[in-house]
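Below you'll find the structure, written out as structure tokens, and then a few comments.
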């Protein structure tokens, strides 16, 4: 039985993330989606919210477990018995980053491999920019019930049902 780990900050959970989860879940007996507890970046949602959003988005996939973690991804993979780390690739720069990380992870845990999934063509977005006076929209699975977030007046997020819109 092969267990795979799909780690990320998932802030917020997007249709692209759920697409990767859905596709990866078909390839492995068990997929653990792990929400990173302390990423070094500004977040829209706290860890509890991100974990719940991912649980809501993945509840229809039976072999997916959503957890949270901190520390090194490859060590967490080893701790939970995952032989594979799953990553999504949006562009060539993502590949370069994951390529370098794979070599470092291999030095730390030789029994943990990397499997990358390319972004689905229907979901590919070249670049999203959020700036005052402009607007950009993206879609994501975000559980139930409306929520509104404001971030420094630059943009707002409205989460209703399963679609999110970011507007400047």
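Overview of values
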quantity: Ordering of 80-88, 58-66 by packing [mean C-beta count within 10 Å, highest first]; calculated: 80-88, 58-66
quantity: Pairwise centroid distance, computed over Cα atoms, of region 1-43 with region 58-99, Å; calculated: 6
quantity: Cα shape, region 3-128, gyration tensor, a/c 1.5 rule; calculated: rounded
quantity: Relative contact order of region 3-128, pairs being alpha-carbon contacts under 8 Å that are 6 or more residues apart, as %; calculated: 29
quantity: Inverse of mean 1/r across different Cα pairs in region 76-122, Kirkwood, Å; calculated: 11.3
quantity: Estimated FRET transfer efficiency (residue 97, residue 44; beta-carbon r; R0 22 Å; 0.05); calculated: 0.50
quantity: Residue 116 paired with residue 60, simple spin-label distance in nm, labels 7 Å along Cα-to-beta-carbon; calculated: 2.9
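Any read-out appearing in this document is the output of simple, stated calculations on the displayed coordinates, not a laboratory observation. Quick caveat, the model's predicted, so the values are computed rather than measured. Neighbour counts are summed over all protein chains in view; Cβ atoms, including those assigned to glycine, are modelled from backbone coordinates with ideal geometry.
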